[in-house]
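The values are calculated or read from the model by the stated rules, or taken from the named source; none is laboratory data. Just so you know, these numbers come straight off a predicted model, no measurement behind them. Neighbour counts are summed over all protein chains in view; Cβ atoms, including those assigned to glycine, are modelled from backbone coordinates with ideal geometry. When the accessible area is computed, the model is the full protein with side chains, heavy atoms only, and any ligands, DNA or RNA have been set aside. Shrake-Rupley method; radii C 1.70, N 1.55, O 1.52, S 1.80 Å.
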Amino acid sequence: MVDTCFLSQGLTTLAGLLLLPFGSLAASQIEDQAEQFFRSGHTNNWAVLVCTSRFWFNYRHVANTLSVYRSVKRLGIPDSHIVLMLADDMACNPRNPKPATVYSHKNMELNVYGDDVEVDYRSYEVTVENFLRVLTGRIPSSTPRSKRLLSDDRSNILIYMTGHGGNGFLKFQDSEEITNIELADAFEQMWQKRRYNELLFIIDTCQGASMYERFYSPNIMALASSQVGEDSLSHQPDPAVGVHLMDRYTFYVLEFLEEINPASQTNMNDLFQVCPKSLCVSTPGHRTDLFQRDPKNVLITDFFGSVRKVEITTETLSLQPDSGVIESSYKKDQMVEELMEPLKYAEQLPVAQIIHQGIFLNQGPNPCLSNLLCLLPWTLKMPFCCLLDSMVADSTSSIM
């Protein structure tokens, strides 16, 4: 009996010693997760989506931008956190066989110009100056909230650009261009002004990789549809529309995003592989040396979605209001009401007295009578017109 008791105690002690490392390991993992949560500065997402091309034959560039717009909205980024810039309105172009629509798939399968598209900058508003002002926040005070990038140092920002470009530049409206140096300096201003936490830059244009060569600010990840010296090719020609509907790189990126949902654990390394040269014909590129995190640890939804990190607690929190705060607030409101004087209306002369002073006190027709009529209510002007004319005529004849 005693041997059995000693055996059971020994087994219990041995089990405790074996479980101790596993318990400490689990506790350390929980601590690491909590530390990572509190160290993370990411609390909100923004998107700046820019189409820089005009004219009907650039239909695909508008479709590119609207398709990305549709994807980020589907994954949770609201219109209030999206700045959409379209250099041309293809939906209302007279050559469009289906007015008020923009299709991104052949046979007109998907209309990306839905009922809830909010374009913030359109037509000739899409300029290099306006784009740089949006990024750096140097915009007039009269600019509405919908045209502002109201990000902060806890914001992850997606910047997508498409259009015609070359080695080190991207054309705007076929009349001006932005260089890779100007873009790099704008991102540096954003970093210095604490306007982003992490930034993902994607560009679909010819020689797109040249646009991120000059970047030097931290926490920037960049992707491009082609290398220097390569063209980015179009995709999906549609005989009914008469033009290509999308570019190859954006088409396959969006095909990849269609499989993503807000709870997906897909990371950025998967995005790097979506369009190999066998599909894109050009060679897509990416740059991650400025980014602090490993791309395999960066979720797609960190930029394309609006997933917010939360802390799960097991304790119940009491949210009962504090009676002392309510009482002090009530007293303050009561004092404000006592200090405010009641509103009073200004005393107004009767209409008959106004007419009497205007005509008879001056002993003749009043030259300011027409101005005096402007003081009368609109409902009283018409009935008195004939009366005043007759009174003026009578007073004139009596003076004569």
>> Restricting to the range 47-95, name every residue that is of a type in the set (Gly, Ala, Ser) and in contact (Cβ under 8 Å) with a residue 40 or more places away in the chain.
In response: Ala47, Ser53, Ala63, Ser67, Ser71, Gly76, Ser80, Ala87
> Does the range 141-160 hold any residues that are open to solvent by 20 Å² or more (accessible area, probe 1.4 Å) and over 14 Å from Ser80 (Cβ atoms), and which are they?
Replying inline: Ser141, Ser142, Thr143, Asp152, Asp153, Arg154
>> Please count how many residues of the range 210-223 are buried (at least 24 other Cβ atoms within 10 Å of the Cβ) and farther than 22 Å from Asn297 by Cβ.
In response: 2
> Regarding Glu230, is this residue open to solvent by 10 Å² or more (accessible area, probe 1.4 Å), farther than 29 Å from Arg138 by Cβ and free of Cβ contacts under 8 Å to residues at least 12 places away in the same chain?
Replying inline: no
> Do you know which residues across the range 137-166 are within 17 Å of Ile77 (Cβ to Cβ), touching a Ser or Thr at 6+ places or on another chain (Cβ under 9 Å) and β-branched (Val, Ile, Thr)?
Replying inline: Ile157
> Given the range 194-303, what strands (runs of 3 or more DSSP E) lie entirely inside it while holding 1 or more residues that are modelled with pLDDT under 90 and acidic (Asp, Glu)?
Replying inline: 234-238
>> What's the total number of residues in the range 38-58 that are at pLDDT 95 or above and open to solvent by 20 Å² or more (accessible area, probe 1.4 Å)?
In response: 0
> Among (1) under 24 Å from Tyr113 (Cβ atoms); (2) open to solvent by less than 70 Å² (accessible area, probe 1.4 Å), which single condition is Gln207 missing?
Replying inline: (1)
>> I'm told Pro239 meets every condition in (1) surrounded by 17 or more Cβ atoms within 10 Å (Cβ to Cβ); (2) over 24 Å from Gln292 (Cα atoms) except one. Can you identify the failing condition by its number?
In response: (1)
> So how many residues does the range 179-198 have that are open to solvent by 40 Å² or more (accessible area, probe 1.4 Å) and among the acidic types (Asp, Glu)?
Replying inline: 2
> In the range 103-190, which strands (runs of 3 or more DSSP E) lie fully inside it and hold 3 or more residues that are in contact with a Leu (Cβ under 9 Å, 6 or more places away or on another chain), closer than 22 Å to Ala224 by Cα and of a type outside the set (S, T, N, Q)?
Replying inline: 155-162
> With respect to the numbered conditions (1) over 19 Å from Thr205 (Cα atoms); (2) surrounded by 10 or more Cβ atoms within 10 Å (Cβ to Cβ), which one is the sole condition not fulfilled by Val281?
Replying inline: (1)
>> I need the full set of residues from the range 59-107 which are open to solvent by less than 50 Å² (accessible area, probe 1.4 Å) and at positive phi, in order please.
In response: Gly76
> Is it true that some residue in the range 268-283 is among the hydrophobic types (A, V, I, L, M, F, W, C) and free of Cβ contacts under 8 Å to residues at least 24 places away in the same chain?
Replying inline: yes
> Which condition does Val126 not pass, out of (1) closer than 20 Å to Thr205 by Cβ; (2) in contact with a helix residue (DSSP H, G or I) (Cβ under 9 Å, 6 or more places away or on another chain), if it passes all the others?
Replying inline: (2)
> Which pairs do you get when a residue that is closer than 17 Å to Arg214 by Cα, found in the range 184-198, comes within reach of a residue that is small (Gly, Ala, Ser), reach meaning Cβ atoms under 6 angstrom, with the pair 6+ apart or on two chains?
Replying inline: Phe187/Ser217; Glu188/Ser217; Trp191/Ser217
